[in-house]
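Asks: This structure is in structure tokens; I'll ask about it shortly.
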Amino acid sequence: MNVQQLYTNCLSEAAYFIDSDGEAAVIDPLRDVDAYIKMAEEKGVQIKYIFETHFHADFVSGHLELSRKTGAPIIYGPNTKTNFQVQVANDGDEFAIGNVKLKVLHTPGHTLESTSYLLNDESGKPYCVFTGDTLFVGDVGRPDLFSGNLSKEELAGMMYDSLHTKIKTLNDDIIVYPAHGPGSSCGKNLGPQTYSTIGEQKASNYALQDMTKEEFVKVVTEGLSTPPAYFPINAKINREGYESLEDVMNKGLTPLSVDQFKLRVQEGAWILDTRAATVFTEGFVPDAISIGLDGRFAEWAGSLLPFTQKLVLVTEPGKEKESVVRLARVGIDNVEGVLDGGIAAWVAAGEKLDMVIDIEPDELAMDIPHDSKLEIIDVRKPGEFATAHIKGAQNVPLDSLIDPVNMAMINEDNNLYIQCAGGYRSVIAASLLKRQGYHNLRNVLGGFAKIKTIKNIPIVTPQEQNV
């Protein structure tokens, strides 16, 4: 028996490949499924089942793609309704994979159909449990994501029952394999590891401590941030189906000459530049939106780009396929082509470039006392901002900039200094502001991580705010 976790950092997502005696199963696959097929070929095994723990909201699953290519059935837990053929398992059902068995544990709470899968080894001993978004390392799945008319309190109550009757009763040595790791918005504050054990989670996970159901509901539902805007869209796509990735790739990878590229833009396509943030600021096609592949690319693309909007891409040479695939992972399928030759072709054609001025934090420190029109725009999340921020800074979270009302609150006559935590989100924000006609912009390199090392930049902490 072999169990392999396939972790994707930019989505904080974990898929799993199980194989035994010539047969295999895949749990929660990504949409680009070639890696699983290649793994099966290399191991000389046949993919027998595709298991889904629930309708994912943060990425488009590869269940349909993998089933089309392998013929393996898609298995969901109880209460699942889809627009395509699946096998809906009952609580307690077992599926043989070679010499091992996977047992269905219906664990509603994150969603109604949420299901964990307990893997018993060749001797029948429970070895690990795939908990989906029911149990994370250090956290549990949020109960406010799109399960019909049920309130988050009702779902949290279901999760309490699921954890106490299905998860906490498992032996302490059983490995916990969740669907997500640190950085995921499917929980409140996931721990730094991508797997654990039942015993470790009983000892350290706040949600598995002894408490009443009422206490549990309160602690799990308080402090929930607004989920990313694309979550309900991805959940719907996973429930209703989607276009084949092959068709998306064929269209998205169409090479466009400079003239063809400009024509697409004139016809309404938006320009997405996937080069690194530090490269983008040095020169880009006017009106381009920067979301670099070097950060949480798919998550920010899903949060900021309308799903019905046609796109054309500017990428680093050789990064065309990666850009289209990673957009497709969150259901952004409307890419109409890529600028052939990239930014070099644009320049060679005599076209103009725009730019964003980068500054070091010590330059910001020198400007603060002398520029009466200086305004610092901090695009981190409210929780990050509350922990510590530059005195006088305005908190405009990056995802709020999709609302024209929020952007209009930023005074275009001021000298705007944009900063985030490390320099990735601030460039995205600067590109969005540039696109709307803001030109007095400075991007603060290194973000708050570097800013807080400069002694003469005034920093406000919660303690100082309460003085």
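Asks: With a sphere of radius 11 Å drawn around the Cβ of residue 268, what net charge do the other residues whose Cβ falls strictly inside it have (Lys, Arg +1; Asp, Glu -1)?
Replies: Residues near residue 268 contribute 0 overall.
Asks: Run down the lysines and flag those whose C-alpha is under 25 Å from the C-alpha of residue 38, throwing out any fewer than 8 positions away in its chain.
Replies: Here the lysines satisfying the reach criterion relative to residue 38 are 48, 69, 101, 251, 319, 321.
Asks: Can you give the accessible area of residue 38 in Å² (nearest 10), computed on protein heavy atoms with a 1.4 Å probe?
Replies: Number for this one is 120 Å².
Asks: Would you work out which of 9, 62, 141 lies farthest towards the positive end of the dipole of the chain, given +1 charges on the beta-carbon of Lys and Arg and -1 on that of Asp and Glu, about the Cα centre?
Replies: 141
Asks: In terms of Cα to Cα distance under 21 Å, which lysines are near enough to residue 391, apart from those fewer than 8 places away along the same chain?
Replies: 373, 381, 450, 452, 455
Asks: How many percent of the alpha carbon pairs in region 69-119 exceed a separation of 15 Å?
Replies: Of the Cα pairs, 49 percent sit more than 15 Å apart.
Asks: Something else: Pull out the extension gain between residue 204 and residue 229, defined as 0.36 nm times the separation in residues minus the alpha carbon to alpha carbon distance; nm, one decimal.
Replies: This chain segment gains 5.9 nm when fully extended.
Asks: What per residue convex hull volume, in Å³, do the alpha-carbon atoms of region 390-467 yield?
Replies: 108 Å³
Asks: Using a 1.4 angstrom probe on the protein heavy atoms only, line up 239, 296 by accessible area, largest first.
Replies: 239, 296
Asks: What ranking of 389, 370, 164 comes out by heavy-atom accessible area, probe 1.4 Å, highest first?
Replies: 370, 164, 389
Asks: Just to check I understand the Karplus step: with θ = phi - 60° and J = 6.51 cos²θ - 1.76 cosθ + 1.60, what whole-Hz values come out for region 432-444, glycine and proline as x?
Replies: After applying 6.51 cos²θ - 1.76 cosθ + 1.60, I find 5, 5, 4, 4, 9, x, 7, 10, 8, 10, 9, 9, 7 Hz.
Asks: Further question on the same structure: Ignoring everything but the protein chains, give the 1.4 Å probe accessible area of residue 346 in square angstrom, nearest 10.
Replies: Looks like 20 Å² after rounding.
Asks: Leaving out ligands, DNA and RNA, and with a 1.4 Å probe, what % of the accessible surface on the chain is carbon or sulfur?
Replies: Accessible surface attributable to carbon and sulfur in the chain totals 49 percent.
Asks: In sequence order, what are the phi-derived ³J(HN,Hα) couplings for region 190-206 according to the Karplus relation 6.51 cos²θ - 1.76 cosθ + 1.60 with θ = phi - 60°, rounded to whole Hz, with x for glycine and proline?
Replies: 5, x, x, 9, 9, 7, 7, 9, 4, x, 4, 6, 4, 7, 10, 7, 4
Asks: So what are region 301-459's ellipsoid semi-axes, whole angstrom, largest first, if each one is the square root of 5 times an eigenvalue of the alpha-carbon gyration tensor?
Replies: Working through the eigenvalues yields semi-axes of 31, 18, 15 Å.
Asks: Treating only the Cβ atoms of Lys and Arg (+1) and Asp and Glu (-1) as charged, compute the dipole magnitude of the chain about its Cα centre; round to the nearest 20 debye.
Replies: So the dipole magnitude of the chain works out to roughly 220 debye.
Asks: Still on this structure, I have one more. Given a 1.4 angstrom probe, what's the average accessible area per residue across region 336-417, in square angstrom?
Replies: Value returned for region 336-417: 51 Å² of accessible area per residue.
Asks: By how many nm would the segment from residue 403 to residue 354 grow when fully extended, if each residue of separation counts as 0.36 nm and the alpha-carbon distance is taken off?
Replies: Going from the current span to full extension adds 15.3 nm.
Asks: Can you tell me the alpha carbon radius of gyration of region 1-138 divided by the globular rule-of-thumb value 2.2 N^0.38 Å?
Replies: 0.96
Asks: Return the lysines within reach of residue 262: Cα separation strictly under 16 angstrom, same-chain partners fewer than 8 residues apart disregarded; answer none if there are no such residues.
Replies: Straight-distance partners of residue 262: 310, 352.
Asks: If you don't mind, another one. Sketch the reach of a paramagnetic label on residue 294 as a point 7 Å from Cα along Cα-to-Cβ, and name the residues of region 414-428 whose backbone nitrogen lies under 20 Å away.
Replies: 418-428
Asks: If you take every residue apart from residue 358 with its C-beta less than 10 Å away from the C-beta of residue 358, what net charge results, scoring Lys and Arg +1 and Asp and Glu -1?
Replies: So the environment of residue 358 carries a net charge of -2.
Asks: To the nearest 0.05, how large is the calculated FRET efficiency for residue 212 and residue 2 if R₀ is 60 Å and r is the Cβ-Cβ distance?
Replies: Step by step, r from the Cβ atoms, then E = 0.90.
Asks: Now, a different point. Count neighbours as other Cβ atoms within 10 Å of each site's Cβ, and list the GluC sites (Glu not before Pro) in region 177-223 that are DSSP loop with at most 15 such neighbours.
Replies: Here the GluC sites (Glu not before Pro) that fit, given the DSSP loop and packing criteria, are 222.
Asks: Under the Kirkwood approximation applied to all pairs of distinct alpha-carbon atoms, what is the hydrodynamic radius of region 227-356 in Å?
Replies: Hydrodynamic radius (Kirkwood, Cα pairs) of region 227-356 is 14.8 Å.
Asks: Right, another one. Using the beta-carbon distance between residue 189 and residue 250 and R0 = 41 Å, what value does 1/(1 + (r/R0)^6) give for FRET efficiency, to the nearest 0.05?
Replies: 0.50
Asks: Just the accessible area for residue 218, please: 1.4 Å probe, Å², rounded to the nearest 10?
Replies: About 140 Å², rounded to the nearest 10.
Asks: If you rank 160, 16, 7 by how much accessible surface each has, with a 1.4 Å probe, what is the order from largest down?
Replies: Correct descending sequence by accessible area is 7, 160, 16.
Asks: What accessible area per residue comes out for region 138-247, rounded to a whole number of Å², with a 1.4 Å probe?
Replies: Accessible surface, normalised per residue, equals 46 Å².
Asks: OK, next. Could you estimate the translational diffusion coefficient of the chain from the Stokes-Einstein equation, with Rh from the Kirkwood formula over C-alpha pairs, at 20 °C and 1.002 mPa s, in whole µm²/s?
Replies: Result for D is 90 µm²/s.
Asks: For region 192-262, count the residues as N, evaluate 2.2 N^0.38 Å, and divide the Cα radius of gyration by that value, please.
Replies: 2.00
The values are calculated or read from the model by the stated rules, or taken from the named source; none is laboratory data. Note that the structure is a prediction, hence the values are computed from the model and not measured. FYI the Cβ positions are ideal-geometry reconstructions off the backbone, even for glycines, and counts take in every protein chain you see. Side chains are part of the model used for accessible areas, which takes the heavy atoms of the whole protein and leaves out ligands, DNA and RNA. Shrake-Rupley method; radii C 1.70, N 1.55, O 1.52, S 1.80 Å.
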